[in-house]
């Protein structure tokens, strides 16, 4: 039990399980979407619709866009909180961004896209700081604060657009740059995916290598003990909400450009719940103090690949929600009973 | 008839036979009871007995098997081998309900009351008298009253438990046990959260219950209490019988040597001399709980100032306010002449004022994190560059601390929750003591910790004092205060009512100061 290999498996058993599930779903999809007219079995798999360039590009873009805000949610969940406002915030940011480009709202000046992005990011920092302040300093439960956000931001966006769609086709400024930046490709991969990888590395550094991450994990477990160790818990919690809001804003930009027009009443609906599902499936505990970047990434990816499978194989798309629900429940149950540890324990060893 | 020849000397007086005070057959008799969990032998061939109207003190270090033995009696774990007889009949206690039916009741160290329910509701929890499917409040209160009267708890049974002091809550626990018609009452560290006065009340009550024919097993780390009330003391060590002392033999030294298995010349290390310079001065300090309170004192370099008081006197609150985790309405404090802002943890830590808090599990440690992560949580800046943690140096340093503080763990990568209470406390101490404290506040440093680990902690505290650190040691353990302190400050209702010098030390003097404030304030 003490070999480096078993230690490795013990430490990453959740991630290992998820990777297994991911591979299983991927192979399932490859097999059933194989090209039956190809020469030979292997060739038929390689030519499957799942492995087609278009599907992989699409999938990686989705993983990127969903992954970005799921990472933010993961940090908030590790702090012992929750952010229900993510989806609404994304609708709101998308709306405001397009108003910046078109200048078609009385209160919002039309500005070029580069300063617009800057203003939006600054604004998301302020929103996150407000959430963090209300939650950590004023001590209103995170659920309540962000529930207000869930209702408020979407309502605001709907009010501003008079509950219609807003696009950027009549933008006052040149938008070629932003289109190329957000919907284009870098090294042959969608920009969203590349951005996601970069953000993964940053969040990995923050959570697993930096002092901030250690503090976050500590206060997620036991806020009082963290405070008694001299940690400024209010600042750390607020920082987690700020990161979550900023990542929601970044993701909102990708989604806005991807959908080309924002319908505030449905844009980003339930995204916060997808993020929570991905994080929980990836091993984050809603009680806080537990979670890894690899887990969150894998959890989000599993959910999106499942979705992709349902689309490709032509299963009833309504049923995909049921599958998602079962996978999450199964994942949490496996974790609850520590099935992986039971499997990895040698049979002759008894419990100490 | 065939049995007769097998016991020929039944009526022949045995040469070693002496008349025992208790001729009654024992109420409870355990013979050769063993219990193992996997490869761990928690109890091995333990014999134990208790008669009605007897108080037996059960002592032993943590891990000696006391709690396993109690869990066997409580039906939580059945014994692996051995026999239990209750009222002469062999019994198997397979589940907690069975223990309850036999008349075995427990009062646990941690209070298990629901503080959103009133006293009567707690006493008869899950056994409430019902009427038309609803709880019959009137009958419930009528049932609770005589029990409360018997315990001398003159309170309305409708009082919410959250409004009671720790001592009163402990009495409600006992009321719960009494209401089940207990024949055998097991008190597990019943006084660990009680003040001196409340402890006395409880001990008197236990004596009275004994007079009414109840058998009582009294488990405590506080040997002076065991000495005071036990008729017989029974020791456990490493899961085996460590011996028995009868009423005449009970003494502190004998109990300690029975528990530790060797003689203990000195529990408390010798006090070191004190410098004359003041390190820590506190003036007119009050706390959120006692905003009208007033604490003024100063501690010199190398001095250990003990702090006594009843539970709820505001000692822990004062400690938390001085450390800065709580804000406080008024007062000034200074370290080496430099004034500190109230309610700023960062500033306290920067000036070397540290607190090892009362509740290890809630405020001292993050149980799920490793020993390494706990040890460096307050000093991560030392192990990081540009906010990136240097895992290698963190690992090496905490490995050194592990050895230096004698934490019994194979590696620093284990979660703190896997350690015993004593070792957990050593992790808390190492966390702060390695930062060269100028003022170190210990709040109940040895609560629930066995004698062996206690001594190590005392030695660590004295070593720290020798470096010139000013030490404030809050404790409810009278012996510890008297044995360790240079001076003892006594708190009462948020106010420091007096400081005793070493030649004025006595339990009585402390008690007088601890209660006098309430009489003066009520008369004024």
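See the values below:
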| quantity | calculated |
| --- | --- |
| Extreme residue, modelled with the lowest pLDDT, among residues of segment B:145-183 that are outside any loop (DSSP other than H, G, I, E, B) and more than 19 Å from residue B:111 (Cα to Cα) | B:150 |
| Top-ranked residue in segment A:189-203 [being touching a helix residue (DSSP H, G or I) at 6+ places or on another chain (Cβ under 7 Å) and under 27 Å from residue A:288 (Cβ atoms); ranked as nearest to the other protein chains (Cβ to nearest Cβ)] | A:203 |
| Test result for residue B:448, at positive phi, in contact with a helix residue (DSSP H, G or I) (Cβ under 8 Å, 6 or more places away or on another chain) and at pLDDT below 90 | yes |
| Enumerated strands (runs of 3 or more DSSP E) restricted to segment B:28-104, each holding at least 3 residues that are in contact (Cβ under 8 Å) with a residue 24 or more places away in the chain | B:28-37, B:40-50, B:55-59, B:81-86 |
| Residue B:321, sole failed condition from (1) more than 12 Å from chain A (Cβ to nearest Cβ); (2) touching a helix residue (DSSP H, G or I) at 6+ places or on another chain (Cβ under 6 Å) | (2) |
| Sole exception among (1) closer than 17 Å to residue B:303 by Cα; (2) modelled with pLDDT under 90 for residue B:440, by number | (2) |
| Conditions (1) away from chain B (no Cβ under 14 Å); (2) closer than 24 Å to residue A:152 by Cβ; (3) within 20 Å of the chain's Cα centre (by Cα); number of the one not met by residue A:239 | (1) |
| Residue tally, condition within 21 Å of residue A:211 (Cβ to Cβ) and touching a helix residue (DSSP H, G or I) at 6+ places or on another chain (Cβ under 8 Å), over segment B:392-414 | 8 |
| Count of residues meeting criterion [farther than 17 Å from residue B:293 by Cα, within 14 Å of chain A (Cβ to nearest Cβ) and assigned to a loop (DSSP other than H, G, I, E, B)] in segment B:325-352 | 4 |
| Matching entry among A:206, A:286, A:219, A:273 (being closer than 27 Å to residue A:12 by Cβ, within 14 Å of chain B (Cβ to nearest Cβ), in contact with a helix residue (DSSP H, G or I) (Cβ under 9 Å, 6 or more places away or on another chain) and surrounded by fewer than 22 Cβ atoms within 10 Å (Cβ to Cβ)) | A:206 |
| Residue that is farthest from the other protein chains (Cβ to nearest Cβ), among those in segment B:353-369 that are touching a strand residue (DSSP E or B) at 6+ places or on another chain (Cβ under 6 Å) and either surrounded by fewer than 20 Cβ atoms within 10 Å (Cβ to Cβ) or farther than 19 Å from residue B:438 by Cβ (or both) | B:358 |
| Selected residue (only one of A:118, A:134, A:122 is away from chain B (no Cβ under 14 Å), in a helix (DSSP H, G or I), without any contact (Cβ under 8 Å) to a residue 40 or more places away in the chain and closer than 15 Å to residue A:241 by Cβ) | A:134 |
| Enumerated helices (runs of 4 or more DSSP H) restricted to segment B:370-458, each holding at least 2 residues that are within 13 Å of chain A (Cβ to nearest Cβ) and closer than 18 Å to residue B:353 by Cα | B:371-376, B:421-433 |
| Exclusive hit being touching a residue at least 40 places away in the same chain (Cβ under 8 Å) and closer than 21 Å to residue B:27 by Cβ, set B:196, B:256, B:229, B:260 | B:229 |
| Among the residues listed as B:57, B:63, B:75, the single one being assigned by TED's automatic domain parsing to the domain that holds residue B:219, modelled with pLDDT under 85 and crowded, with 17+ Cβ neighbours inside 10 Å | B:63 |
| Residue list for segment B:302-313, restricted to those being touching a helix residue (DSSP H, G or I) at 6+ places or on another chain (Cβ under 9 Å) and modelled with pLDDT of 90 or more | B:302, B:303, B:304, B:306, B:307, B:308 |
| Residues satisfying the stated conditions in segment A:222-236, i.e. at the interface with chain B (Cβ under 9 Å from one of its Cβ atoms) and either in contact (Cβ under 8 Å) with a residue 12 or more places away in the chain or over 22 Å from residue B:394 (Cβ atoms) (or both) | A:222, A:224, A:231 |
| Qualifying residue in segment A:172-192 (condition: over 28 Å from residue A:101 (Cα atoms) and touching a residue at least 12 places away in the same chain (Cβ under 8 Å)) | no |
| Failed item in (1) over 23 Å from residue A:205 (Cβ atoms); (2) crowded, with 18+ Cβ neighbours inside 10 Å, with residue A:278 passing the rest | (1) |
| Residue match in segment B:101-111 (condition: over 30 Å from residue B:254 (Cα atoms), in the same structural domain as residue B:254 (by TED's automatic domain parsing) and out of contact with any strand residue (DSSP E or B) (no Cβ under 8 Å at 6 or more places or on another chain)) | yes |
| Lone unmet requirement of (1) over 17 Å from residue A:271 (Cα atoms); (2) under 23 Å from the mean Cα position of the chain (by Cα) for residue A:83 | (1) |
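The values are calculated or read from the model by the stated rules, or taken from the named source; none is laboratory data. These numbers were taken from a predicted model, which means no experiment stands behind them. Note that we place each Cβ from the backbone using ideal geometry, even for glycine, and neighbour counts take in every protein chain shown.
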